[in-house]
Number of protein chains: 4
Amino acid sequence: MSAKSRELSIGIIGAGRIGMLHAYNLARRIPHVHVVGVADPRLACARAAAAVARADVVVDDYRQLLVRQSIDAVVICSSTDTHARIIVEAAAAGKHIFCEKPIDHDLDRIREALQAVDKAGVRFQVGFNRRFDPDFQALRQQVCAGLVGVPQLVRITSRDPAPPPAEYIRVSGGLFLDMSIHDLDMARFLVQEPVVDVFATGSAFDPAIAALGDIDTAVILLRFAGGAICSIDNSRRAVYGYDQRLEVFGSRGCLTVANHTPTGVEHWDGAGQHRDRLQHFFLDRYQESYVLELKEFVERVRHGREASVSGHDGLQAVLLALAARTSLQEGRTVHLDPATGLDAA
Amino acid sequence: MSAKSRELSIGIIGAGRIGMLHAYNLARRIPHVHVVGVADPRLACARAAAAVARADVVVDDYRQLLVRQSIDAVVICSSTDTHARIIVEAAAAGKHIFCEKPIDHDLDRIREALQAVDKAGVRFQVGFNRRFDPDFQALRQQVCAGLVGVPQLVRITSRDPAPPPAEYIRVSGGLFLDMSIHDLDMARFLVQEPVVDVFATGSAFDPAIAALGDIDTAVILLRFAGGAICSIDNSRRAVYGYDQRLEVFGSRGCLTVANHTPTGVEHWDGAGQHRDRLQHFFLDRYQESYVLELKEFVERVRHGREASVSGHDGLQAVLLALAARTSLQEGRTVHLDPATGLDAA
Amino acid sequence: MSAKSRELSIGIIGAGRIGMLHAYNLARRIPHVHVVGVADPRLACARAAAAVARADVVVDDYRQLLVRQSIDAVVICSSTDTHARIIVEAAAAGKHIFCEKPIDHDLDRIREALQAVDKAGVRFQVGFNRRFDPDFQALRQQVCAGLVGVPQLVRITSRDPAPPPAEYIRVSGGLFLDMSIHDLDMARFLVQEPVVDVFATGSAFDPAIAALGDIDTAVILLRFAGGAICSIDNSRRAVYGYDQRLEVFGSRGCLTVANHTPTGVEHWDGAGQHRDRLQHFFLDRYQESYVLELKEFVERVRHGREASVSGHDGLQAVLLALAARTSLQEGRTVHLDPATGLDAA
Amino acid sequence: MSAKSRELSIGIIGAGRIGMLHAYNLARRIPHVHVVGVADPRLACARAAAAVARADVVVDDYRQLLVRQSIDAVVICSSTDTHARIIVEAAAAGKHIFCEKPIDHDLDRIREALQAVDKAGVRFQVGFNRRFDPDFQALRQQVCAGLVGVPQLVRITSRDPAPPPAEYIRVSGGLFLDMSIHDLDMARFLVQEPVVDVFATGSAFDPAIAALGDIDTAVILLRFAGGAICSIDNSRRAVYGYDQRLEVFGSRGCLTVANHTPTGVEHWDGAGQHRDRLQHFFLDRYQESYVLELKEFVERVRHGREASVSGHDGLQAVLLALAARTSLQEGRTVHLDPATGLDAA
């Protein structure tokens, strides 16, 4: 598939909430692409997503999509523990791959998957959608254009409105791998240097989360090779909505992105001045970014270009999350080898 | 056409900028509808819009759409001077009608068109898209819910980034009919009472506009039956972008909607704190409202319900614009008959 | 009194709320000045203000201050109906004069007072304190520096938190002379051109105010010689606090000043994002302006310079308020002679 | 000194920039107090401050103030290395003491000074002025009132506009003791629990500061006994002005305080929307807090009450700064004994 004029044919693997969202966006919001089929062991889910995507093929086994010559690329939205295996098989089948984050929780399986991708020479993009948020894109372009000079301090606030169910948390890999991973990738996206030190601390205020051995509140510090320091603060429960803020401070100034609200209406009464509660959660806040990440994937594959969020990016984010976990458990700074991103200890 | 499950079939009449926009939205953003054909004497334009709308029929004469049984409704986006005639013919053909604002500049022709609509019993909606802007919708719902108590003062600021070409202004009907008409409708939408007094003053700072006998800067005051006063200020040229602000003040508080910017990035440097220039113009600022007005039209027609922005609304806005023109020309308050909206003088 | 090194000696006439405020500021916040005495028929009030001002002399008749050679200037804070008479006598006694606004409600008495000032050659400043508000000063300096180019639209919002008692309103001269007069002066301060047209409309939502034949809600439009249009909106009752906003729009941009709040604390919870209610009223909002207007008066008198807010300014504001009253009563635009500011009708 | 009606007599020790400021505030802004004398080895400085404070006594040796029976209290504004000694002597002389921060850099000398205070039974307040900032006061009252529920995350941003001269930095004790100490105290003020863990990381971007072995950029993490985590970020050079922000996030919501600007004027032009640069530095931003801390000191001493910012507070802030220094030097979390605040290692 390289002719500019051709539409890209897509198979969607996994028809849960995020698969459904990608199905809708591919059918409605993204040009030069069409969805051929949807695979999910829960056939009803697959059927619903196929209807939304106007796709003809509905299967319960993703392998039935991989064997189809007419499919150029797959979008992997299945559960995390299946990602690595599907990547290996899809690459072997010569399909370009868009895979939801994280690639996996296990470093060996990630490496195996990325090697399969390399060997097959297919395009691979990992679903760090926040990189495509228009506000964050604009902020980063301004950082790259030198508006803040040398970045020195980065602040990322990322708080969810409410924790997921206990059964989800149990298999999530913990706060750092499940939630902070987006912020760790954002830090790398903004500073564009190797991280050399990772320190993390955390607390569990919610007894149910504490009982699972996880935390619900954390601060992670990253130190980059050039001296910039990034602090990330996370919470599983912000009662006022989905709190997503960025700040990059440098030698020449500071850039910030504030939260979004459903409307811009402001109300003044005897008690004060009031605005909307923040947008509820990621599907509201990052709606556009989900469109834009796939648009980018489609365009890059169609024109034979490198993916903009690589397997390397996916691996590095996992390495940082694992380093944060080690730091929390061992109460020490984890020094990373700048060349590999591996714990230097 | 009344079965809930049926899709609505649309013909688009006029394939200029706004016709193109509606074509895209009908095809991509609005469910339960499809575009059958596009009519425009400029066949290339019709063809382009049909491609966007995935429509099969391309004609140079709108009558070729009106004769088609398969078309349930038409969306009229042709030049203003053709609206009344097309409405009459479309109504006679039994088509439901969505018509861009204003219906016409001439009261008799508006009345004739609306009578044809009434007689035919078709649905009719006028394209006051700003009523569907999510911020304005939320503000109005809060006004209706009593958050500001009795409305007493309404402020509407509406300033364009730059004036249209002289040839456009020459046939536009003047600032009040061309530009203020949206704001006059918004005032009625917010206060929901008859206007009893209209006063307007204006200036021409741009020599080219003065040479055409028009103004580029104006303030209009409306007094409603219940005593509320609305001030509208307009300018043809706001160098900082498209300035669209609302405020409703009442006995229990105040509601406001501020301007929109392309991104929420804020930049601090030695010179101060900076945010984006405002969104450039109406296609950016009111993007969603164009989708939502047609979605509403489609749903209401499909379910056999009254249109939400009626021919009466279209007529009243023109009456207010004409009253403003009279006030400016004669330097007096124009008193309106609350029952008819006509100049009581 | 002209030696730069000498302190200015002040007598305060009238020890009500505003006299008390000036007494405090003169004693505590303003250099190169001291208060010699305070006059008020209510001797207890005079005594209290003298204590605050660290003044030795307490009298019930202001004439006892005027005869004192040691007093350089008087600050007139008595009731409006006494202003003109005291000005005439103070001027005759060779005292420089700072007089609260308005000078009087009667044009002849204003003119007589100003003639007395001219004849005596004393300095005279009228208490339009808002001109000295740091935000408004900064905005005006930027207007003068050309940041908005040619001013085209000016918006002044000025709403009190609650109406004064009926007995006050009865003798206040009505909304325009009592409340709008500050805004009319502000419009002149910002645009710096003669006003050529005045139009006003208003409503009474409060039955008690309606019963007094006054209004509580108004919009005034001013048209300046150069074509700029100013709209002023007033209300006697804004339940959310003292609403004081300015905006100057011109060919090169727009300048605004927003409201002030007691603190900058913002609170986010499940219901939304909340900030303080606005500052309660003028003593909070314009605290600094009261210091700065007297500081300017003291410095100008000490250095023998013209006052920055002249008797002419005081007269023009009254003329505009009277024109607004005429417009409201007669339902017509009042055209003013640009040379004199008098009704041209 | 205990009679409520008596004025407090003050001696000022040290007439540098901050001594001058206190002299002005005591004379102009604070009731029930007068300044008897000023001591500074630089007699010209002492004279200037005495003139501002309207004080009669000017001496070069603070002991000449301590021997005066008429002096109730001293305000110590001399260089940090003299604080402990003067406290000991002033306490022995029975004077109440207001001392600028930090008490000292050396723990033994701090303890000795505080023991002298205890033994003498005099009142002692340390100059953590930011606790008295109206915004921060309001935020803390709302935290205490439970508006955010249990505090979980605290963020303090504190960045200076430009670094002090090298000679100042050399003797400053380093970034943590000189600059972060205010923020460390603020964290304790907001959370009101013992700190159990301290972690710090930092960088030197300015070669001149690096040459002195100091850092100019840092992030400090504090973990409180109840699990709350506070992150403090500091920079010696924010080109956009003095950046002072607070945020307290908890189980029920979030409270923030944003930066202050000289004016509230906003300017919109073709390049965007612009506001003032931030206030320049601490004398602008914390102007009111300097008045309010001394007002509180004066009132508490006059009424025989405990100081609101105690010697214990002064000691704890130094302990935290020293722990941060240790953490940075040794690359480890410093665990503190919750009972004493001492390094538990």
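Values quoted throughout were computed directly from the atomic coordinates according to the rules given, and no laboratory measurement underlies them. Everything quoted here is computed from the prediction, not taken from an experiment. Backbone-built Cβ (ideal geometry, glycine too); neighbour counts: all protein chains shown.
Couplings 3J(HN,Hα) for the range A:192-201, derived from phi with the Karplus relation 6.51 cos²θ - 1.76 cosθ + 1.60 (θ = phi - 60°), are 6, 9, x, 7, 10, 10, 10, 10, 9, 9 Hz, where x marks Gly and Pro.
Rounded to the nearest 10 degrees, the angle from helix C:311-330 to the longest Cα principal axis of chain C is 40 degrees.
Between copies, D:Ala92 shows label-point distances of 7.1, 8.8, 11.3 nm, shortest first, with the point placed 7 angstrom from Cα along Cα to C-beta. With the convex hull drawn around the C-alpha atoms of the range C:276-345, the volume per residue stands at 130 Å³. Sorted from closest to farthest, the other copies place their A:Ala145 label points 2.3, 3.9, 4.3 nm away, with each point set 7 Å from Cα along Cα→Cβ. A Förster radius of 45 Å combined with the Cβ-Cβ distance from C:Ser79 to A:Ala271 puts the calculated FRET efficiency at roughly 0.80. Remark: C-alpha extents of the range A:1-85 on the principal axes read 34, 25, 21 Å, sorted largest to smallest.
Under a Cβ-Cβ cut-off of 9 Å, what is the net charge of the residues other than A:Ala46 that fall near it, where Lys and Arg count +1 and Asp and Glu count -1? With Lys, Arg at +1 and Asp, Glu at -1, the net is 0. Placing unit charges on each Cβ (+1 for Lys and Arg, -1 for Asp and Glu) gives the range C:45-112 a dipole about its Cα centre, and among C:Ile76, C:Ala46, C:Leu107 the Cα reaching farthest toward its positive end belongs to C:Ala46. Placing +1 on the Cβ of every Lys and Arg and -1 on the Cβ of every Asp and Glu, with no other charges, gives the range B:216-305 a dipole of roughly 400 debye about its Cα centre. Per-residue ellipticity at 222 nm computed for the protein assembly as shown from its helices equals -11000 deg cm²/dmol, with DSSP H segments shorter than 4 residues left out and the rest contributing -39,500 (n - 2.57). As a calculated quantity, the FRET efficiency between B:Gln115 and A:Glu288 at R0 = 45 Å, using C-beta atoms, amounts to about 0.50. Modelled label positions at B:Ser251 and C:Arg42, each set 7 Å beyond Cα in the direction of Cβ, lie 3.3 nm from each other. Computed packing ranks the peptides D:68-78, B:163-173, A:239-249 as A:239-249, D:68-78, B:163-173, most packed first, by mean other Cβ atoms within 10 Å. Give C:Lys95/C:Lys119; D:Lys119/D:Lys295; A:Lys101/A:Lys295; A:Lys101/B:Lys295; C:Lys295/D:Lys295 a once-over and call out the pairs whose C-alpha atoms are over 23 Å from each other. Pairs exceeding 23 Å: D:Lys119/D:Lys295; A:Lys101/B:Lys295; C:Lys295/D:Lys295. Annotation for the range B:215-279 versus the range B:8-74: alpha-carbon center distance of 35 Å. Remark on D:Leu342: its backbone amide H falls under 5 Å from those of D:Asp337, a criterion applied only to residues 5 or more positions apart or on other chains, H modelled at 1.01 Å from N. Counting Cα-Cα pairs of chain B in 10 Å increments starting at 0 gives whole-percent bin shares of 6, 24, 32, 26, 11, 2, 0. For the range C:8-122, the Cβ-based charge dipole about the Cα centre amounts to some 420 debye (Lys, Arg positive; Asp, Glu negative; other atoms uncharged). What residues qualify as long-range amide H neighbours of B:Asp214, i.e. H under 5 Å apart, gap of 5 or more or another chain, H built at 1.01 Å from N? The list, which skips near neighbours in sequence, is empty: none. Assuming charge only on the beta carbon of Lys and Arg (+1) and of Asp and Glu (-1), the dipole of the protein assembly as shown about its Cα centre is about 0 debye to the nearest 20.
Taking every residue in C:149-157 and counting other chain Cβ atoms within 10 Å of its Cβ, the average works out to 4. Counted residue by residue at 0.36 nm each, then reduced by the alpha carbon distance between them, the extension gain from A:Arg6 to A:Tyr168 reaches 54.3 nm.
Under a 5 Å amide H cut-off, with hydrogens placed 1.01 Å from N, D:Gln273 pairs with B:Arg275, B:Asp276, B:Arg277 among residues at least 5 apart or on other chains.
Taking the longest Cα principal axis of chain A as reference, the axis of helix A:134-144 is set at about 70 degrees. Mean silhouette area of the range D:34-152, derived from the convex hull of its C-alpha atoms and averaged over all directions, reads 9.6 nm².
Taking the C-alpha atoms only, the angle from helix D:107-120 to the longest principal axis of chain D is near 40 degrees. Other chains' Cβ within 10 Å of D:129-142 residues: what's the mean? Across D:129-142, the average partner-chain Cβ count within 10 Å equals 2. In this assembly of identical copies, the label point of A:Lys119 (Cα plus 7 Å along Cα-to-Cβ) is separated from its counterparts by 7.9, 8.0, 11.0 nm, sorted shortest first. For the rotational copies D and B, the chain D residue with its Cβ nearest the relating axis, together with that separation in Å, is D:His274, 3.
At what distance in nm do the modelled label points of B:Ala211 and D:Gln192 sit from each other, each positioned 7 Å from its Cα along Cα→Cβ? It is 7.3 nm. Note on C:His335 and C:Ala145: with the Förster distance fixed at 30 Å, the Cβ-Cβ geometry gives a FRET efficiency of about 0.40. Shape of the protein assembly as shown from the C-alpha gyration tensor: oblate (a/c of 1.5 or more and a/b not above b/c, with a ≥ b ≥ c the square roots of its eigenvalues).
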